[in-house]
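Note sheet for the following structure.
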Amino acid sequence: MFGIKRYVIAKHERGLYLKDRSIVNILEPGVYWIYDPLGRVKIDVFNITEPAFTHYYEDVLIKDQTALCEKYFQLVELGEYEVGLVYKNGKLASILAPATRQLYWKGPVDVRVEVQDIATDFEVPRALVRLLAYARSSELADAARAAVYTTEVADKSVGMLFVEGALVMTLEPGRYAFWKYDRTIKVEQVDTRLQAMEVSGQEILTKDKVSLRANLAAQYQITDPVTAVKALVDVTGTLYRELQFALRASIGTRTLDTLLGDKGELDRVVYETVRDKVAEYGVVMKSVGVKDVILPGDMKDILNQVVQAEKAAQANIIKRREETAATRALLNTARLMEENPVLLRLKELEALEKITEKVDKLTVFGGLDGVLQDMVKINVRPD
C-alpha cells in the first residue's frame, strides 16, 4: 500500500524509532509496518552484539526518555578523576576515560564497568598490569596506550617515579603501570651494580713542564639513588669530570720523576680526592687506577738515554767493586805467602802443574828434593 514501509529488526538488533526527529520508542526484534507517506519516520538499527551505544540523541535519550533508557541501557557516568574498566562477558575489553558518559545495550553481551578513583592512587593494580601490557584485542591495546604509562624496572636497578616533575616514590624491580590521565609521568632507572668508567687521552703538563698523556680507570657504585638523582642531573658525567679534574691536579703538582717512580701514590691521591667529593651524592668509589702514562716520542728517547747512562754507570761501579775485591784478595794471599813459605811453595807447584799439562816433554834436575825445595826454572826451547 502506498505510504506504508516495512522494517525488520533481527534478534541481535534494536531499532531507535524517530518521528519528526524526536525519539518515540525503541523497537525490539520483529517485523514492523509503519504508515509514513510524508517521510516523517526514521528507524536507526543497531547491532547490540556491539554493546556501546553512540548516537547524536544520546543525551536527549538519557534526560527525556528515562523509562526507555532504564529498560534497554546500562548507563555509566564517570567523574573527573575516575576511570572505568569495561568487562564484556567477564573479560577486560576496554577502558573509559575520566568524565565519560556511556550507554551500553542490555542484551547478549554482559557488560560490567569497574570504576576506579585515580585522584590520589594512580597506580594500576598489579593484577591488571600484564593484561594491559600484553593486550590481545586491538580495542584494549589502543585504550591501554592512551590511558596507561607502563615501565619495567630491571633487576639490580631502582626506579624513580616522577609525577609532574616531582619525585614521588622508588620502585623495586618489576613491571608497573600508572594512569596518565591529567598528569605527566616519567620513570628513571638507576643501576645499583658495580660500574666501570674510563678517563682516556688526558693531555697534562707535569710540574717540570713535561707534556704527557694519561689514561685512568675507575669503579664505582650508586648506593643512594634518591640522593644521586636529586643532586645530580647526570651522575656519570659528574663523576667523569671529578676524576678528570683530580687526575690533572695530581699530575700537575708532581715532577715526571716522581710520577714514574711511584704510580701507586698517584692512584691513592686521585681516589681519596674523588671519593670525598662524590660520597655526598650517594656514590661510593670502589677503586681508581692510572692505566697508562704515555710520553711523547722525543721524551722517550731522552729517558732511554738517561736509563742507558744510569745502567752504564751502575755497571762501571760493579766492575770497579769487583776489581777492588779481587785486588784485596790478591793482597791477602800475598801476605799469607810472605808469612808462610810452605804456602808459597805450594802455589808454585800448582802453577807448575798447570803449565806441565800443556808440555809434551819435561826434564827434572836435582831430583824430587830439588823440585820441592829449589826455585823451579823453566827453559822453553823452540821446536
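The values are calculated or read from the model by the stated rules, or taken from the named source; none is laboratory data. As the structure is a computational prediction, the values presented were derived from the model and not from experiment. Every residue, glycine as well, gets a Cβ built from its backbone with ideal geometry; the counts of neighbours run over all protein chains shown. Note: accessible area is taken over every heavy atom of the protein model, side chains too, but ligands, DNA and RNA are not part of it. Shrake-Rupley method; radii C 1.70, N 1.55, O 1.52, S 1.80 Å.
On the range 144-267, 49 percent of the accessible area sits on carbon and sulfur atoms, based on a 1.4 Å probe. Along the charge dipole of the range 186-227, Cβ charges K/R +1 and D/E -1, which of Leu205, Tyr220, Leu194 sits furthest on the positive end? Selected residue: Leu205.
The Cα atoms of the range 9-158 define a convex hull whose projected area, averaged across directions, is 11.2 nm². With a threshold of 23 Å on the Cα-Cα distance, the over-threshold entries among Lys19/Lys63; Lys156/Lys186; Lys209/Lys277 are Lys209/Lys277. Residues of the range 1-20 with an amide N closer than 13 Å to a point placed 7 Å from the Cα of Trp33 along the Cα-to-Cβ direction: 1-7.
State whether the range 138-195 is rounded, prolate or oblate according to the following rule on the C-alpha gyration tensor (a ≥ b ≥ c being the square roots of its eigenvalues): a/c under 1.5 gives rounded; otherwise a/b larger than b/c gives prolate, and the remaining case gives oblate. Oblate. Site pair Ala166 and Arg321 shows an inter-label distance of 7.7 nm when each label is modelled 7 Å from Cα along Cα→Cβ. 3J(HN,Hα) couplings calculated from phi for the range 257-264 with the Karplus curve 6.51 cos²θ - 1.76 cosθ + 1.60 (θ = phi - 60°) are, in sequence order, 4, 5, 5, 6, x, 8, 5, x Hz; Gly and Pro show x. Taking 0.36 nm per residue of sequence separation and removing the Cα-Cα distance, the Ala67/Leu330 pair yields an extension gain of 81.2 nm. Between Tyr57 and Val115, the simple label model (points 7 Å from Cα in the Cβ direction) yields a spacing of 2.7 nm. Residues whose amide H lies under 5 Å from that of Tyr32, counting only those 5 or more places away or on a different chain, are Tyr7, Val8, Ile9; hydrogens are built 1.01 Å from N in the peptide plane.
Here the calculated FRET efficiency for Ile4 and Asn25, from their Cβ-Cβ distance with R0 = 22 Å, stands at 0.75, rounded to the nearest 0.05.
Using a probe of 1.4 angstrom and keeping all protein chains present, the accessible surface of the range 149-271 works out to 50 square angstrom per residue. Using the Karplus relation 6.51 cos²θ - 1.76 cosθ + 1.60 with θ = phi - 60°, the per-residue 3J(HN,Hα) values for the range 187-201 come to 10, 9, 9, 10, 7, 9, 7, 5, 10, 10, 9, 10, 10, 10, x Hz, with x marking Gly and Pro. Once the Cα-Cα distance is subtracted from the 0.36 nm per residue extended length, the Val233 to Glu265 segment shows a gain of 8.3 nm.
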